[in-house]
Amino acid sequence: MNLTDNISALFSPKTVAIIGASTHPGKVGHAVVANMLDAGFTGTLFPVNPTTDAILGLPTVKTIDDLPEDIDLAVVVLPVAAVIPAMEALARRKIRAAIVITAGFKEVGEEGASLERRLIEICTTHHIAMVGPNCLGLIGPRDHINASFASGFPQDGSIAFFSQSGALCTAILDWALEENIGFSRFISLGNKAVINEADMLEYLRTDPATSVILGYIENVENGPDFIEKAARVTREKPVIIIKSGTTAAGARAASSHTGAIAGSDTAYTAAFHKTGIIRANDMASLFDLAQAFSTQPLPKGPGLCIVTNSGGPGAMAADATEKSALRVAELSEDTTARLKAFLPPYASLTNPIDIIGDAPAERYRKTLEIVVTDPQVHTVLVLLSPTSSAEIVETAHAIIDVAKTSDKPFFVNFMGGLRIKAGEDVLRGAGIPCSIYPEPLIACIETMHAYHLWRNQPVQDYPTVPHDPAIARRVIDNARANGATEVVEFQAQEILRAYHLPTPRTILAHTAEEAAAAAETIGFPVVLKIASPQISHKSDVGGVKVNLDNASAVKAAFSEVTAQAQRLRPDAHIAGCLIQEMAPKGCKEVIIGFKRDDRLGPLVMFGLGGIYVEILKDIAFRLAPLGRDDAKSIIQEIKTYSLLTGARGEAPVNLQALEDILITMSALALDFPEIIEAEFNPVLVNAEKAMVADVRITLAAP
């Protein structure tokens with residue numbers, strides 16, 4: 001049995017022991033008992049307290065050893081020093097699940113971390129599904145569970161919420177109570193010592209009570225496990241996450257462009273993109289999306305129909321639509337004719353449909369009944385300005401009536417304040433998302449449509465990259481054996497060849513005469529580069545000469561470059577110089593690299609090279625592994641993509657050749673975990689082919 005097999009005991013226990021139950025109001029041990037009773041728990045409660053006979057009318061159990069065996073759930077609210085002995089005793093009673101509310105573990109330092117490691121050991125050994133420590137607890141309205149010290153108990157609903165932050169849990173719970181939002185599950189994960197967000201996602205995927213999953217995370221414990229489970233869940237249910245830590249403050253300095261640009265938050269953004277997780281940028285959008293996804297069907301296309309009693313707001317909504325991935329639906333001739341038959345002659349029959357400021361509720365009803373049947377309309381947005389003749393509550397009921405007859409989503413923008421509140425209350429009570437501004441609603445519709453596309457796209461294949469890992473392994477092992485943390489270009493050429501990557505013809509020359517002969521073999525003009533395992537930034541020592549068009553120039557460049565490198569870097573071993581063919585004419589420079597995120601794995605980067613990466617930072621990221629669709633989309637995502645597709649009459653570059661290199665870079669990153677960064681810069685690409693012209697590989701310290 002795996003400990004996660006017991007997660008169901010957290011949410012649907014028949015027997016619950018509260019370890020540290022208290023008779024004193026205001027203490028956590030009292031609040032948990034009171035909350036379980038107030039929730040209407042129908043199972044058996046065992047308050048454990050050695051000094052009293054009853055708590056809130058329930059007879060107490062004096063010690064853990066007096067409990068019956070095989071209790072489903074234990075809630076631990078003891079002082080930190082007593083938690084480990086209590087958990088050891090509970091393990092002997094064969095409990096299935098536990099919630100450790102007590103704080104004072106890894107969040108306070110090494111002493112607490114040591115206690116937490118022991119807690120993990122107990123739970124792992126005895127297959128105890130534990131939430132916490134340092135958490136608020138857990139709430140399950142459908143099963144009448146409130147194993148928390150939270151104030152308030154939400155109504156039953158279809159939204160599940162988990163959070164690392166207990167304080168955020170209380171804020172969202174308060175919001176839900178005010179807005180009458182229901183939850184299926186409400187979980188404070190705390191330190192995630194045993195049960196983490198990936199485990200929660202996997203459980204909630206098959207939970208029939210849950211249709212939408214919300215979460216707040218600060219980090220993930222096991223990146224690959226999180227990505228695998230999240231990608232599986234989002235094919236079935238929307239997962240909406242808000243993540244803290246979106247700045248680069250405190251990020252580890254990196255030696256390459258890729259490392260410097262690819263911060264931790266970039267990796268999480270890429271992880272969400274890869275898995276189909278919807279990222280909420282703030283609490284307001286988290287709430288908006290939660291309501292939209294939990295109450296409305298997904299739009300099956302981008303077509304939005306706007307029905308309004310005021311031209312100005314309709315135009316504003318249309319502008320916001322056109323700025324999104326949605327479109328203002330073009331109505332069919334039949335729809336237009338049916339509208340013309342009853343709307344006033346001065347109404348606007350094109351989308352947005354302006355039914356004029358004196359529109360009563362019945363005019364809204366008839367208009368909506370017609371437009372909702374148009375095949376080009378996938379979502380309906382209803383706007384109402386509170387004119388003197390507006391029938392606000394009646395219009396709300398008309399919208400609800402029409403929405404019930406359709407499988408298309410409805411959203412409502414009643415503008416104003418006091419006058420429209422009663423109408424909004426009616427709409428919210430019927431599960432129709434509404435707002436006093438159209439823009440948040442349009443953002444929700446856009447997100448829902450994007451999720452519909454994600455859920456219906458085929459699962460991506462990851463191609464096998466032909467390579468000879470033994471050759472690459474030898475190069476990396478030799479570098480590490482010599483204490484090096486970088487594999488510089490002249491050494492890395494072997495790795496490029498092992499992965500069948502296209503490169504300019506390159507020859508290592510040890511003398512000026514060998515350099516001239518190599519240039520003759522390759523053909524003029526050529527590039528000359530210093531070759532030293534200690535010199536990775538060749539330009540820092542003047543170690544690159546280009547456009548050398550004869551043997552004398554090559555010899556002179558060899559002597560100059562090696563002499564200067566020895567003078568500026570006397571510690572460096574100079575192996576010679578690389579002689580390399582010049583780039584073909586008409587090439588663009590791009591950069592392809594990766595940086596290994598400690599939790600989420602290799603983060604692959606693509607962008608235009610040269611000044612574009614240095615100044616504009618016009619780059620895109622994806623987490624490895626990369627499939628063909630990933631490679632296409634990362635290229636298309638950069639702002640200067642049009643420069644690659646043939647701007648101003650230029651020939652488009654060979655995009656498939658770039659995709660192949662991206663996929664190979666992804667494979668290299670996965671094959672060798674000891675590579676923490678790698679960069680192909682530049683990759684030269686024209687209409688015919690792409691070539692890796694320079695490479696640097698950074699290794700983890702031995």
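The values are calculated or read from the model by the stated rules, or taken from the named source; none is laboratory data. No experiment lies behind these values; they were computed from the predicted model shown. For neighbour counting, all protein chains shown are included, and Cβ atoms are generated from backbone atoms with ideal geometry for every residue, glycine included.
Brief remarks follow.
- Qualifying positions in region 549-584 - in contact with a strand residue (DSSP E or B) (Cβ under 6 Å, 6 or more places away or on another chain) and of a type in the set (Gly, Ala, Ser): ALA557, ALA565, ALA575, GLY576, ALA583
- Qualifying residue in region 572-584 (condition: assigned to a loop (DSSP other than H, G, I, E, B), of a type in the set (D, E, K, R) and in contact with a helix residue (DSSP H, G or I) (Cβ under 9 Å, 6 or more places away or on another chain)): no
- Beta carbons closer than 6 Å, at least 6 apart along the sequence or on distinct chains, pair a first residue in region 109-137 that is closer than 28 Å to ILE172 by Cα with a second that is surrounded by fewer than 14 Cβ atoms within 10 Å (Cβ to Cβ) and not basic (Lys, Arg) for ASN134/GLU107.
- Taken over region 423-479, the residue count meeting the criterion of being among the polar types (S, T, N, Q), at pLDDT below 95 and within 30 Å of SER310 (Cα to Cα) is 1.
- Test: residue in region 343-362 that is of a type in the set (Phe, Trp, Tyr), more than 30 Å from ILE213 (Cβ to Cβ), in a helix (DSSP H, G or I) and over 37 Å from the mean Cα position of the chain (by Cα): no
- Some residue of region 572-591 being within 25 Å of LYS274 (Cα to Cα), at pLDDT 90 or above and touching a Leu at 6+ places or on another chain (Cβ under 9 Å): yes
- When region 649-680 is limited to residues that are part of a loop (DSSP other than H, G, I, E, B) and more than 15 Å from ASP468 (Cα to Cα), the one that is modelled with the lowest pLDDT turns out to be GLU650.
- Yes/no for SER389 being polar (S, T, N, Q), closer than 20 Å to GLU424 by Cβ and not in a strand (DSSP E or B): yes
- Close contacts from region 271-282, counting a first residue that is closer than 17 Å to ALA443 by Cβ and in a loop (DSSP other than H, G, I, E, B) and a second that is of a type in the set (Gly, Ala, Ser) and at pLDDT 95 or above, with Cβ to Cβ under 6 Å and a gap of 6+ residues or different chains, come to ILE277/ALA230.
- Hey, ASP199 of a type in the set (Asp, Glu) and outside any helix (DSSP H, G or I) or not: no
- Failed condition for SER184, given (1) polar (S, T, N, Q); (2) part of a strand (DSSP E or B); (3) more than 15 Å from ILE7 (Cβ to Cβ): (3)
- Set LEU168, LEU136: member being surrounded by fewer than 19 Cβ atoms within 10 Å (Cβ to Cβ) and not hydroxyl-bearing (Ser, Thr, Tyr): LEU168
- Pair list, Cβ < 7 Å and 6+ apart or interchain, from region 47-71 residues that are in contact (Cβ under 8 Å) with a residue 24 or more places away in the chain and under 21 Å from ASN35 (Cα atoms) to residues that are small (Gly, Ala, Ser) and loosely packed, with under 13 Cβ neighbours inside 10 Å: THR60/ALA54
- With respect to being of a type in the set (S, T, N, Q), assigned by TED's automatic domain parsing to the domain that holds PRO438 and more than 24 Å from PRO440 (Cα to Cα), THR367 falls outside the description.
- For beta carbons closer than 8 Å, sequence separation of 6+ or different chains, a first residue in region 396-418 that is under 15 Å from VAL307 (Cα atoms) and a second that is exposed (fewer than 15 other Cβ atoms within 10 Å of the Cβ) and β-branched (Val, Ile, Thr), the qualifying pairs are ASN413/ILE436; PHE414/ILE436; MET415/ILE436.
- Of everything listed in (1) without any contact (Cβ under 8 Å) to a residue 24 or more places away in the chain; (2) farther than 27 Å from GLN580 by Cα; (3) surrounded by fewer than 17 Cβ atoms within 10 Å (Cβ to Cβ), the single unmet condition for GLU439 is (1).
- Some residue of region 388-400 being polar (S, T, N, Q) and either outside the structural domain of CYS434 (by TED's automatic domain parsing) or under 22 Å from MET448 (Cβ atoms) (or both): no
- ASP598 falls short on exactly one of the conditions (1) assigned by TED's automatic domain parsing to the domain that holds PRO652; (2) at pLDDT 90 or above, and that condition is (2).
- Considering residues of region 639-659 that are surrounded by fewer than 20 Cβ atoms within 10 Å (Cβ to Cβ) and under 25 Å from the mean Cα position of the chain (by Cα) only, the residue nearest to ALA271 (Cα to Cα): LYS639
- The single condition among (1) in a helix (DSSP H, G or I); (2) within 35 Å of the chain's Cα centre (by Cα); (3) surrounded by fewer than 18 Cβ atoms within 10 Å (Cβ to Cβ); (4) not aliphatic (A, V, I, L, M) that ASP407 does not satisfy is (1).
- The listed residues are ALA315, ALA325, and the only one of them that is assigned to a helix (DSSP H, G or I) and surrounded by fewer than 17 Cβ atoms within 10 Å (Cβ to Cβ) turns out to be ALA315.
- Test result for GLY586, touching a residue at least 60 places away in the same chain (Cβ under 8 Å) and closer than 29 Å to LEU616 by Cβ: yes
- Region 486-522: number of residues that are polar (S, T, N, Q), surrounded by 19 or more Cβ atoms within 10 Å (Cβ to Cβ) and more than 22 Å from LYS689 (Cα to Cα): 1
- Condition check for VAL412: part of a helix (DSSP H, G or I) and either at pLDDT 95 or above or farther than 24 Å from ALA280 by Cβ (or both): no
- Candidate set: region 523-559, residues that are buried (at least 19 other Cβ atoms within 10 Å of the Cβ) and under 20 Å from PRO584 (Cβ atoms); chosen: the one farthest from the chain's Cα centre (by Cα): VAL554
- Here ASP282 meets each of (1) crowded, with 23+ Cβ neighbours inside 10 Å; (2) farther than 20 Å from HIS449 by Cβ; (3) within 25 Å of the chain's Cα centre (by Cα); (4) not hydroxyl-bearing (Ser, Thr, Tyr) with one exception, condition (1).
- A count restricted to region 10-27 and to residues that are buried (at least 21 other Cβ atoms within 10 Å of the Cβ) and either out of contact with any strand residue (DSSP E or B) (no Cβ under 8 Å at 6 or more places or on another chain) or not in a loop (DSSP other than H, G, I, E, B) (or both) stands at 6.
- Residue in region 142-150 that is under 19 Å from GLU107 (Cβ atoms) and over 28 Å from the mean Cα position of the chain (by Cα) present: yes
- Residues in region 41-87 that are within 41 Å of the chain's Cα centre (by Cα) and loosely packed, with under 13 Cβ neighbours inside 10 Å: THR42, ASP70, PRO79, ALA81, PRO85.
- Identification of helices (runs of 4 or more DSSP H) wholly contained in region 465-566 with 1 or more residues that are assigned by TED's automatic domain parsing to the domain that holds LEU670 yields 469-481, 489-498.
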